[in-house]
Amino acid sequence: QRAGTGRFAIDFDKMKVAKEELGCVAEEAEAQIRKYISYGLPERHLDSHHHVHTNLPVWRILSPLLYKYDFRSVRLSRNLFRKTAPLNAVYKKYYNSGLKKSRFITTEYFGSFRDLQNCRRMLKENALLELMLHPMYSETGELYDTKNPMSEVVALLESIDAQRTSYTLLYKGV
């Protein structure tokens, strides 16, 4: 695989990844980080499509790169849910607790709009939550988060008196 193409043909659901594949991941990850930095953007926050960065072999590759390129924040593994497979829950707790002990800034909770709808009562007061949204326009031109009108998202956030912030502002508090 060629660095900079953004394409991986690896099964990230497994806990073991072949050394050859890990080399490709490392090469591609560093190429993407360098490309991002070349744009001169100030944020140094890591998240990934389909949360690939939370896969242990991938995380072990990314972690030194994040230090090398002075990343300051990392997205948690999704932890705002009612039910998940027991081993999945244990792994998420392991990953998140390790991340929270690191130097990286992170939130207390991470989940989707539906997760927040279903689990809002479990949030601590003034909790820091990262909400995953996939904004898109419907055929009629209305803004949606996948299948939910964005007006529902806004209404839920207003009902819990959510305050918006950015990771850049969180960096200043460190």
Filter pass, residue 90 being part of a helix (DSSP H, G or I) and either under 19 Å from the mean Cα position of the chain (by Cα) or among the acidic types (Asp, Glu) (or both): yes
Inter-residue pairs, beta-carbon under 8 Å, first within 23 Å of residue 96 (Cβ to Cβ) and in the stretch 24-53, second in a strand (DSSP E or B) and open to solvent by less than 80 Å² (accessible area, probe 1.4 Å), 6+ apart: 44/73; 45/73; 45/74; 46/73; 46/74; 47/74; 53/46; 53/74
Qualifying position, being within 30 Å of residue 37 (Cα to Cα), part of a loop (DSSP other than H, G, I, E, B), open to solvent by less than 90 Å² (accessible area, probe 1.4 Å) and out of contact with any Cys (no Cβ under 6 Å at 6 or more places or on another chain), among 78, 164: 78
Residue in the stretch 123-137 that is under 30 Å from residue 21 (Cα atoms) and part of a strand (DSSP E or B) present: yes
Counted residues, the stretch 38-52 - those being over 8 Å from the mean Cα position of the chain (by Cα) and surrounded by 10 or more Cβ atoms within 10 Å (Cβ to Cβ): 4
Matching residues in the stretch 6-32 - criterion: being open to solvent by less than 80 Å² (accessible area, probe 1.4 Å), closer than 15 Å to residue 48 by Cα and at pLDDT 90 or above: 25, 26, 28, 29, 30, 31
The stretch 93-107, residues that are over 21 Å from residue 133 (Cβ atoms) and assigned to a helix (DSSP H, G or I): 93, 94, 95, 97, 98, 99, 100, 101
Every residue from the stretch 58-75 that is in a loop (DSSP other than H, G, I, E, B) and open to solvent by less than 60 Å² (accessible area, probe 1.4 Å): 69, 71, 75
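The values are calculated or read from the model by the stated rules, or taken from the named source; none is laboratory data. These figures come from a predicted structure and were not determined experimentally. Quick reminder, even Gly has a Cβ in these numbers, built from the backbone with ideal geometry, and neighbours come from all protein chains shown. What goes into the accessible areas is simple: the full protein's heavy atoms, side chains included, and nothing from ligands, DNA or RNA. Shrake-Rupley method; radii C 1.70, N 1.55, O 1.52, S 1.80 Å.
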